[in-house]
1. Keeping all protein chains in place and using 1.4 angstrom, which order do D15, D44 fall into by accessible surface area, from largest down?
2. How big is segment 79-146 in terms of Cα radius of gyration and Dmax, in angstroms?
3. Working only with C-alpha atoms, what are the Rg and Dmax values of segment 2-45, expressed in angstrom?
Amino acid sequence: MIRYTLKCDKEHSFDSWFASAAAYEALQARGMVSCTICGSTTVDKALMAPAVRPARKAAAAAAPEARAGAGAEAPLSAPQTGIEEAFAAMRQAVEANSDYVGVNFVAEARAMHEGAMPERAIHGEARLDEAKALLDDGIPVMPLPFLPKRSRN
Ligand SMILES: [Zn+2]
């Protein structure tokens, strides 16, 4: 798994986890990576030190910062269908094994941690700062590489 800090066209910054750099590229190229705050699919990696090991040392040595925008050209290490199947399976597993609690996620996660309600697996939505606060308090949360099902509009 690899974590990217992403930024949408409205300057929202958020973290997302992907199976691999190639998985991110494939999803991003298809507009399947969306802002966790506004839902915009115009997202890109926020400028930061690259955390990805290049396949070839020569490529790393020659990599100028300007390459950041050219990531979509990178060859995929796995077929896109395989990536989609993996994400679909992950989504099914999450949706089958945990309750969707929407924007109540933070409150419910905290209540379970404090013993105010029985523990169960949940998924929902949280702002980046809220998710970070949960982690700071030792509450195990993980960003999902997809948006939960919810009503559109
Ligand atoms: Zn946004």
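1. Sorted by accessible area, descending: D44, D15.
2. 13.5, 45
3. Both quantities, over Cα of segment 2-45: 9.3, 26 Å.
The values are calculated or read from the model by the stated rules, or taken from the named source; none is laboratory data. From a predicted model like this one, the values you see are computed outputs, not experimental measurements. These area figures cover heavy atoms from the full protein model, side chains too; ligands, DNA and RNA do not enter into them. Shrake-Rupley method; radii C 1.70, N 1.55, O 1.52, S 1.80 Å.
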